[in-house]
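Structure record follows, encoded as structure tokens.
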Amino acid sequence: MSNETRDTIFIGKKPLMAYVTSALIQLANLPAVHIKARGLSIGRAVDVAQIIARKTENAGYAIGEIKIGSESLESQDGRTRNVSTIEIEVKRSQN
């Protein structure tokens, strides 16, 4: 398993707190975690990052770099569509 997959959480359709819990478990062992989402899951990714940053503010975690972009995907009817993407870094604060 590569380093990218261990420090990355891909947001899908699971309950919000499942992703928060997963991120907090990984943050216990890693200096930073990347939360990635695309399309309609972007709002959920932002919610996950905000919950972690607010709940663990005293523990020293904060939102780091945020990257946005788009990917070209082929839909089921054969058309090429652009889908928005986001990557949010949650890291230990430098206090």
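The values are calculated or read from the model by the stated rules, or taken from the named source; none is laboratory data. Remember, it's a predicted structure, so these values are computed and weren't measured experimentally. Note: ideal-geometry Cβ built from the backbone for every residue, glycine included; neighbour counts use all protein chains shown.
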message: Cβ-Cβ distance below 6 Å, separation of 6 or more or different chains: which pairs start in region 20-46 with a residue that is of a type in the set (Ser, Thr, Tyr) and end on one that is not in a helix (DSSP H, G or I)?
response: Ser22/Ile9; Ser41/Ile11
message: If a residue must be at pLDDT 85 or above and more than 18 Å from Asn29 (Cβ to Cβ), how many such residues does region 49-61 contain?
response: 5
statement: Contact list, first residue from region 7-19 and surrounded by 13 or more Cβ atoms within 10 Å (Cβ to Cβ), second anywhere and among the basic types (Lys, Arg) and part of a strand (DSSP E or B), beta-carbon distance below 6 Å, six or more apart or interchain, is Thr8/Lys36; Phe10/Lys36
field: Extreme residue, surrounded by the most Cβ atoms within 10 Å (Cβ to Cβ), among residues of region 76-95 that are in contact (Cβ under 8 Å) with a residue 60 or more places away in the chain and of a type in the set (Lys, Arg)
entry: Lys91
message: Filter region 41-69 down to the residues that are of a type outside the set (Lys, Arg) and either assigned to a strand (DSSP E or B) or in contact with a Gly (Cβ under 9 Å, 6 or more places away or on another chain) (or both) and list them by number.
response: Ser41, Tyr61, Ala62, Ile63, Gly64, Glu65, Ile66, Ile68, Gly69
- request: Name every residue in region 20-40 that is at pLDDT 95 or above and surrounded by fewer than 18 Cβ atoms within 10 Å (Cβ to Cβ), in order of residue number.
  value: Lys36
